[in-house]
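Asker: Just passing along the structure, written as structure tokens.
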Amino acid sequence: MTQEMFDRVWLKKARNQFDTLYTAIRDMVYYRALRSAQCDDEVGRLLVENLRIALLGSIVINWSKLFALERNEEAWKRLTAESSGFRNRVYEATGFNYQQWSDYRKSVREFSARLHAHFDSSHHLENKMILEPMFQVLEVAHLWMHDIYQGHEELACDDLLQGDYIEQHTADVQQRLVSWPMIRLP
């Protein structure tokens, strides 16, 4: 897909979705890091568990705003220009076909509703949703948007301009978690 296929108006409209996209991406990175964290005391374990559940809630809410709402003008079709190139990248990353992608987005909407109804760690909601496709779609969206905005840097955000943003942010978070006295990483 060439840059000429996207006009500046579309690029500016998509720009409004960057905060939502990068909030979900940052929370995904924090969530993944805390998923492997271990604590030696009960207070630390509860803190990490509750942080992880809060991050999951934020990821699901923001992911849903971008990808799960079918008819919303501000949804994924706006962000990605409903491009077959984007869908093909999603299919390749997740192994989904058209129907599975539609079904997964529906399952995230339903999960989001359950999460809103029971937003606490005692319900173990993270065990009721396959999260990896959600994360893969965020990664695809970052790279897709990064490619599109090449040559239009003035319309992009700083995070988008870094092709390796997720990897760099992950490394930074891992490095910082090592210094937390209550957390051990494997």
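Each value in this text was obtained by applying a stated rule to the coordinates, not by laboratory testing. No experiment lies behind these values; they were computed from the predicted model shown. With ideal geometry, Cβ positions are generated from the backbone for all residues, glycine too; neighbour counts draw on all protein chains shown.
Asker: Tell me, what HN-Hα J-couplings in whole Hz come from the Karplus equation 6.51 cos²θ - 1.76 cosθ + 1.60 at θ = phi - 60° for each residue of the stretch 45-56, using x for Gly and Pro?
Answerer: Listing the rounded values in order: 4, 5, 4, 5, 4, 5, 4, 4, 5, 5, 5, 4 Hz.
Asker: Length gain on complete extension for the stretch ARG35 to ASP19, per 0.36 nm per residue less the alpha carbon to alpha carbon distance?
Answerer: That works out to 3.4 nm of additional length.
Asker: Once you put a point 7 Å from the Cα of ALA171 and another 7 Å from the Cα of SER84, both along the Cβ direction, what distance in nm separates them?
Answerer: The two pseudo-label positions are separated by 3.7 nm.
Asker: Moving on. Taking a point 7 angstrom from the Cα of ALA54 along the C-beta vector, which residues in the stretch 99-119 have backbone N less than 16 Å away?
Answerer: Within reach of a label on ALA54: 119.
Asker: For GLU154 and ILE130, FRET efficiency with R0 = 30 Å and r from the beta-carbon atoms, rounded to 0.05?
Answerer: 0.20
Asker: Which of the trypsin sites (Lys or Arg not before Pro) found in the stretch 28-71 are in a DSSP loop and have at most 16 neighbouring Cβ atoms, other than their own, within 10 Å?
Answerer: Here the trypsin sites (Lys or Arg not before Pro) that fit, given the DSSP loop and packing criteria, are ARG71.
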